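The structure appears below as structure tokens.
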Amino acid sequence: MADHYDVLGVQPDASDADIKKAYRRLARELHPDVNPSPEAAERFKDVTHAYDVLSDPEQRRRYDAGPQADSPFGGGAGGFSDIFDAFFGGGGGGRGSGPRSRAERGQDALLRIDVDLDEVVFGTHKEVEVDTAVLCETCNGSCCAPGTSPRTCDICGGSGHIQRQVRSLLGNVVTSAPCGTCRGYGTVIPNPCPTCQGQGRVRARRSIPVDVPAGVDSGLRLQMPGQGEVGPAGGPSGDLYLEIRVRHHDVFSRDGDDLLATLEVGMTDAILGTTATIDGLDGPVELEIRPGVQSADVLVLKDRGVTKLRGNGRGDLRVGVQVVTPTKLSHKERQLVEQLAKSHKATKPQLARFQQGMFGKLRDRFFNF
Ligand SMILES: [Zn+2]
Ligand SMILES: [Zn+2]
């Protein structure tokens, strides 16, 4: 650790006034609100620590006396600050950490977006309206009116902390609390930016492009890094989460990557078989219906379902057959059916075991959204 006098650029016999003057000069140059570079932040910490020690008569006397007088823990010039941190919650939040920055990370934002089932099949592109905090363009996040800058806080001298000497079992110790005047920032803003009232950010509506991948389902959240709220004083943005809600579809429902629908087939088509053209979500599909198809038969169309979110390919389209019995027949039709009945010798209606699985299951499946 460098010598505290060197750090402040003063002679070892400098007066209290000289030390204070030197510190204020350096604070104006190195304070994080003025100079955002990490090297400046590091130096400002050192400068503030040196000032903390040398501005306190008791600490300065002990510092001048050298390390051996420091403490029973010994250990060179660094010993003092280590012990201090140990007692007063060092590790960043403590006294040596200097003023805190006004800039903080912004909050994450959550938005729900509705997509149609046919958009889910292949994915879609959407423009989403977002209402969040954005960087104030007048002050660029500095919080200051144009042409003005933050001023070093008079009360704490820019350190962001106020120190008090307290008598304790350890002797005279110095406690440190955030400065109430600058709220720990080390600077005050004499002329706040009029656009953002000194917040460095404003609320705004904007439209952002979103690629919704194929295969998403309700409840899934898409993360858009850096598209959330800009932080106070232009701090880094939080993330935006888009929660997907898939709209109900009148015909198709979904079972994982498969699509489900019911196909109503007329009695004669069911008997004779036919080829049907059905409207899939991605265009017409030919469907072969074999002669003698039964209600609750499921016809599977491979790779006509939803594109898989993870992995390749698509699910299937499963079509459950429901045979529709005609309810109104003309006189002639009725005669034809009666002829058929005589020649066909159909089995008489007879009881069989109740098949839980058949129609009930189909309905449950298909109407349970
Ligand atoms: Zn502003
Ligand atoms: Zn202050």
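The values are calculated or read from the model by the stated rules, or taken from the named source; none is laboratory data. Computed from a prediction, not measured in an experiment: that's the story for all the values here. Glycine gets a Cβ as well: all are built from the backbone with ideal geometry, and neighbour counts include every protein chain shown. Surface accessibility is based on the protein's heavy atoms, side chains included, excluding ligands, DNA and RNA. Shrake-Rupley method; radii C 1.70, N 1.55, O 1.52, S 1.80 Å.
Worth a mention:
- Top of Val210, Val121, Val285 by mean-square fluctuation, Gaussian network on the chain, Cα under 10 Å: Val285
- Counting only protein heavy atoms and a 1.4 Å probe, the chain has 60 square angstrom of accessible area per residue.
- Restraint check, Lys302/Lys332; Lys126/Lys308; Lys126/Lys302, Cα-Cα greater than 31 Å: Lys302/Lys332
- Estimated inter-spin distance, Thr268 and Val285, nm [label 7 Å along Cα→Cβ]: 2.8
- By the Cβ distance rule of under 4.7 Å, the chain has these cysteines without a partner: Cys143, Cys144.
- When the chain is described by a simple charge dipole with +1 on each Lys and Arg Cβ and -1 on each Asp and Glu Cβ, the residue from Gln335, Val251, Ser149 located farthest towards its positive end is Gln335.
- Met267 accessible area, assembled protein chains, probe 1.4 Å, Å²: 60
- Cβ-defined net charge surrounding Pro236, 15 Å radius [Lys, Arg +1; Asp, Glu -1]: -1
- Dividing the alpha-carbon radius of gyration of region 253-368 by the rule-of-thumb value 2.2 N^0.38 Å gives 1.31.
- Summing charges over neighbours of Gly171, with a neighbour being any other residue whose Cβ is under 11 Å away from its Cβ, gives +1 when K and R count +1 and D and E count -1.
- Charge dipole (debye, nearest 20) of region 253-368; +1 at Cβ of Lys and Arg, -1 at Cβ of Asp and Glu: 500
- Segment Thr138..Gln197, full-extension length gain: 20.2 nm, with 0.36 nm per residue of separation and the alpha-carbon distance subtracted.
- FRET efficiency, 1/(1 + (r/R0)^6) with R0 35 Å, evaluated for Leu110 and Arg24 via beta carbons: 0.20
- Accessible area, probe 1.4 Å, largest first, for residues Asp239, Asp18: Asp18, Asp239
- Dimensions of the chain from C-alpha coordinates, computed as largest minus smallest value along each principal axis and given longest first, are 125, 50, 31 Å.
- Around the amide H of Val115, modelled in the peptide plane, lie the amide H atoms of Arg245, Val246, Arg247, all under 5 Å away and 5 or more residues distant in sequence or on another chain.
- Sorting Ile113, Ile155 on solvent-accessible area from highest to lowest, probe radius 1.4 Å, gives Ile155, Ile113.
- Simple Cβ-charge dipole of region 1-70, Lys/Arg +1 and Asp/Glu -1, about Cα centre, in debye nearest 20: 220
- 18 Å reach of a label modelled at Arg310, 7 Å along Cα-to-Cβ, counting backbone N of region 211-250: 213-223, 244
- In this calculation the C-beta distance from Ala341 to Asp118 is compared with R0 = 35 Å, giving a FRET efficiency of 0.20.
- Looking at the chain alone, DSSP beta bridges between its own residues are antiparallel in about 75 percent of cases.
- Contour excess over end-to-end distance, with Cα ends at Asp6 and Thr148 and 0.36 nm allotted per residue: 48.0 nm
- Region 108-158 and region 1-30: distance between their alpha carbon centers, rounded to Å: 40
- Accessible surface, 1.4 Å probe, highest first, among residues Arg334, Arg245: Arg334, Arg245
- Region 318-338 versus region 36-58: alpha-carbon centroid distance in Å: 93
- Measuring between their Cα centroids, region 201-263 and region 159-178 lie 51 Å from each other.
- Net dipole in debye of the chain [+1 Lys, Arg Cβ; -1 Asp, Glu Cβ; about Cα centre; nearest 20]: 1200
- Most positive-pole-ward Cα, Gly123, Pro326, Met224, against dipole of the chain from beta carbon charges: Pro326
- Cα gyration tensor shape of region 1-70, rounded if a/c is under 1.5, else prolate or oblate by comparing a/b with b/c: prolate
- Residues whose amide H comes within less than 5 Å of that of Gly266, counting only those at least five positions distant or on another chain, are Val324 (H built at 1.01 Å from N in the peptide plane).
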